[in-house]
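Novice: Pasting a structure here, questions to come.
The values are calculated or read from the model by the stated rules, or taken from the named source; none is laboratory data. Because the structure is a prediction, the values reported are computed rather than measured. Here the Cβ is made from the backbone with ideal geometry for all residues, glycine too, and neighbour counts use every protein chain on show. For the accessible areas, the whole protein counts, side chains as well, though only heavy atoms, and no ligand, DNA or RNA atoms are used. Shrake-Rupley method; radii C 1.70, N 1.55, O 1.52, S 1.80 Å.
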Amino acid sequence: MSLDAAAARLSTEAAGDALAALRQALPTRAAAHHGADHAFIPWAYQGALLGEFARSRAIAPAEWLGRCGVAPGQTLSPRQLLSMLAALQPLARDVGFVIGQLSLPGHYGLASQALQQAGDLRQALRVLCDWPARLSPLLTPRLVETADELLLVWTESCGAPASLQPLLVDMQMSAVVAMAQWLGGTPLPWSFSFNRTWPRELSQHAAYLGADLRFGCQVDAMRLPLTAATLPWRAAVPGRPALAAGALAQGADPEAASRGQLAALYDHLLAEVGGDPSLERSARRFGVSPATLKRQLAQLGTHHQAQLDQVRAHAALYLMLLRGQRGEAVARSLGFTDKSNFRRSFKRWTGMTPGLL
């Protein structure tokens, strides 16, 4: 074997190892999935939070709830919760940031208790990712750990409209920042990347998140040094059992681990990437025909190839930017046999060629 061939093989093996590390962010236990119209969110959870915000701004129920076809007290679906946020958005410009600050740990039963019983931020973020249906039903958090930092990536759950995506990302990022400061007792050196262009006004982002903001990225994510994420929280009691997390793991709240259909599809495609991430295999994962899956995804405003492209783009960026892998090795890890095809695909995903990273 030539030196070039040996180097290429070692590079590919390193990229494969890095991809395996990325897959560690996948759920550790089998989880059910739900559609956008599945009603499982008690009003006393996120519904009451939005209602209290509206009252604090003197927004009458008829001004926003009437538009949603939602009655106070009912169990909500993700689509109904999205419609409530959409109705509030034009009435209060800061709704995402303010709701975010009040969201976590929240009052969502055992899942909120598990957050408060965490010993440090890394433990809390693992709780957040394990029980998304209670703690973050509209966007799915994914925790990626490297040797020196944590990366919290936000992906779609149930197909929120494009007009609401920025609000949801701002809301969930500010929720994590506020929770970490409240339970940890000190601000942390977060950095943020956003999959959108620069906003006209940055004052709210700076006030609620901080100054380290990057727009025009390909992923919505928060980064933090591992040393900051593993500092013991001021209320942590060494050796105290995490009773709430243990109860959740034993099935005390079966709905808590459920994932939105797009999140479950992302999980499946990340596990399959580099192999055969076909529509047919994805349909078998969900126990439906390919035609049914296509129709379900269309109802969520997307399609299978778009979801596969997103997973491949996230994986490629992780391997190249965070793990320092070469483009050729990344292409092979993602299942591309033609380097030029990978370059074309990468430019379609990100607007740039791999060589520009």
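Novice: Run the numbers on the chain and let me know its relative contact order in percent, using alpha-carbon pairs under 8 Å that are six or more apart.
Specialist: 21 percent
Novice: Still on this structure, I have one more. Using C-alpha positions alone, give me the convex hull volume of the range 205-357 per residue in cubic angstrom.
Specialist: It is 195 Å³ per residue.
Novice: May I pose another question? For the range 214-357, what relative contact order do you get, as a whole percent, if you take Cα pairs closer than 8 Å and at least 6 residues apart? Intermediate results must be reported in sequence, preceding the final value.
Specialist: Values: 75 pairs, mean separation 28.4, N = 144.
Over the range 214-357, the number comes to 20 percent.
Novice: Then there's this: With charges set only on the Cβ (+1 for Lys and Arg, -1 for Asp and Glu), what does the dipole of the chain come to about its Cα centre, in debye to the nearest 20?
Specialist: Roughly 460 debye for the chain.
Novice: Counting pairwise Cα distances across the range 218-298, what percent come out greater than 14 angstrom?
Specialist: So the portion of pairs separated by more than 14 Å is 77 percent.
Novice: Among Thr140, Thr75, Thr28, which one moves the most in a GNM of the chain with springs linking Cα atoms closer than 10 Å?
Specialist: For the chain, modelled as a Gaussian network with Cα springs under 10 Å, the answer is Thr28.
Novice: Specify which residue in the list Ser282, Ala87, Gln181 is farthest towards the positive end of the charge dipole of the chain, using unit charges on the beta carbon of Lys, Arg (+1) and Asp, Glu (-1), about the Cα centre.
Specialist: Comparing the listed Cα positions along the dipole, Ser282 ranks first.
Novice: Right, next: Could you tell me what a quarter of the Cα convex hull surface of the chain works out to, in nm² with one decimal place?
Specialist: Over all viewing directions, the chain projects a mean Cα-hull area of 19.3 nm².
Novice: With no solvent and one point on each alpha carbon, what is the Debye value of log10 I(q)/I(0) for the range 314-357 at q = 0.16, 0.23, 0.24 Å⁻¹?
Specialist: With one equal scatterer per Cα and no solvent, log10 I(q)/I(0) is -0.32, -0.70, -0.76.
Novice: What would the Debye formula give as log10 I(q)/I(0) at q = 0.13, 0.15 Å⁻¹ for the alpha-carbon point model of the range 132-285, no solvent?
Specialist: Rounded to two decimals, the profile gives -0.75, -0.99.
Novice: Now for a different question. With a 1.4 Å probe and every protein chain kept in, tell me what percent of the accessible surface of the range 280-351 is carbon plus sulfur.
Specialist: Carbon with sulfur: 45 percent of the solvent-accessible area.
Novice: Would you mind working out the accessible area per residue for the chain, using a 1.4 Å probe, and quoting it in Å²?
Specialist: 45 Å²
Novice: Give me the percent of accessible area attributable to carbon and sulfur for the range 218-277, probe 1.4 angstrom.
Specialist: 58 percent
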